[in-house]
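Just below is one structure, and these are the notes that go with it.
The values are calculated or read from the model by the stated rules, or taken from the named source; none is laboratory data. In this text, all values refer to a predicted model and were calculated from it rather than measured experimentally. Every residue, glycine as well, gets a Cβ built from its backbone with ideal geometry; the counts of neighbours run over all protein chains shown. Note: accessible area is taken over every heavy atom of the protein model, side chains too, but ligands, DNA and RNA are not part of it. Shrake-Rupley method; radii C 1.70, N 1.55, O 1.52, S 1.80 Å.
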Amino acid sequence: GKAIHSLWCEPIHTWPEEDLFQHQAIGIVDVIFRQKQCYVFFQYDAQSHWAFLSDDQHSRNQMITYCKKLFQIRFPGVKIYSIDTVFNREEAILMNHRFCLKDVPKIIVIQETSRFYERDNELKIHDMLEHSQEYNLQCLFFLSQSSMMPYRDLALMIRKICLKNENCEDMSNFLGVRVKQSIQACEKGLLYQNHLLSFQMGHRKEEKNV
């Protein structure tokens with residue numbers, strides 16, 4: 001049979017957030033087949049939606065905080081919506097109307113994907129994703145389980161990243177490729193880009209009190 005080799009030769013070293021902000025990047029990826037480590041760039045693109053999967057609340061919050069900070073620094077002309085609450089029917093209808101306005105570019109950070117889909121009838125999420133270029137919006141979904149998102153919408157995600165997670169089966173379903181090991185560290189992850197690649201979040205410098 002085939003010889004089994006380690007997927008990554010050397011672990012990705014801790015990477016400062018300041019450097020990622022400067023390069024407009026979400027993190028670093030280890031492209032072992034090219035023997036190099038590359039930035040995972042984020043561009044505002046109304047056709048490119050992202051999804052992050054982690055069964056660890058702290059890891060999701062860490063990435064959400066980083067993304068919002070990145071958008072504030074690098075995309076001052078983009079309207080940022082951060083959604084983490086359940087809406088009533090009227091609020092959901094108003095929100096759908098706001099999202100579908102074509103006036104300004106919008107990035108929508110959905111922190112609690114399962115709650116977001118509770119109002120799918122009013123929010124019309126699939127329509128919003130399919131016509132996102134027309135509506136001038138880009139979405140980032142954060143999931144604790146891949147089943148929180150319908151497959152037809154998950155299929156529209158241009159970039160899917162797994163963060164800290166114990167569930168290999170769920171990560172495999174999410175990425176569409178077999179994952180054999182859990183992700184134990186908060187700043188580590190996986191993404192699939194022709195191959196399964198190791199991902200590293202930025203490291204936040206500790207602020208010292210003067």
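Is it true that some residue in segment 136-145 is over 13 Å from the mean Cα position of the chain (by Cα), hydroxyl-bearing (Ser, Thr, Tyr) and more than 24 Å from residue 72 (Cα to Cα)? Among the residues of segment 136-145, not one is over 13 Å from the mean Cα position of the chain (by Cα), hydroxyl-bearing (Ser, Thr, Tyr) and more than 24 Å from residue 72 (Cα to Cα), which makes the answer no. Specify the residue that is surrounded by the fewest Cβ atoms within 10 Å (Cβ to Cβ); the eligible residues are those in segment 41-84 that are touching a helix residue (DSSP H, G or I) at 6+ places or on another chain (Cβ under 6 Å) and in a loop (DSSP other than H, G, I, E, B). Ranking the candidates gives 47 first.
Beta carbons closer than 8 Å, at least 6 apart along the sequence or on distinct chains, pair a first residue in segment 86-101 that is under 18 Å from residue 114 (Cβ atoms) and open to solvent by 70 Å² or more (accessible area, probe 1.4 Å) with a second that is assigned to a helix (DSSP H, G or I) and not aromatic (Phe, Trp, Tyr) for 86/115; 86/118; 89/122.
Checking each residue in segment 155-183 for being over 17 Å from the mean Cα position of the chain (by Cα) and surrounded by fewer than 17 Cβ atoms within 10 Å (Cβ to Cβ) picks out 166, 168, 169, 177, 178, 180, 181, 182. Inspection of segment 155-174 finds no residue satisfying the criterion of being in contact with a Pro (Cβ under 9 Å, 6 or more places away or on another chain) and outside any helix (DSSP H, G or I). Residue count for segment 19-40, restricted to those that are under 11 Å from residue 70 (Cβ atoms) and either part of a loop (DSSP other than H, G, I, E, B) or open to solvent by 30 Å² or more (accessible area, probe 1.4 Å) (or both): 3. The set of residues in segment 101-127 being assigned to a helix (DSSP H, G or I) and either of a type outside the set (D, E, K, R) or within 21 Å of residue 52 (Cα to Cα) (or both) consists of 113, 114, 115, 116, 117, 118, 120, 121, 123, 125, 126, 127.
Restricting attention to segment 122-130, does a residue exist that is open to solvent by 60 Å² or more (accessible area, probe 1.4 Å) and among the acidic types (Asp, Glu)? Checking segment 122-130: at least one residue is open to solvent by 60 Å² or more (accessible area, probe 1.4 Å) and among the acidic types (Asp, Glu).
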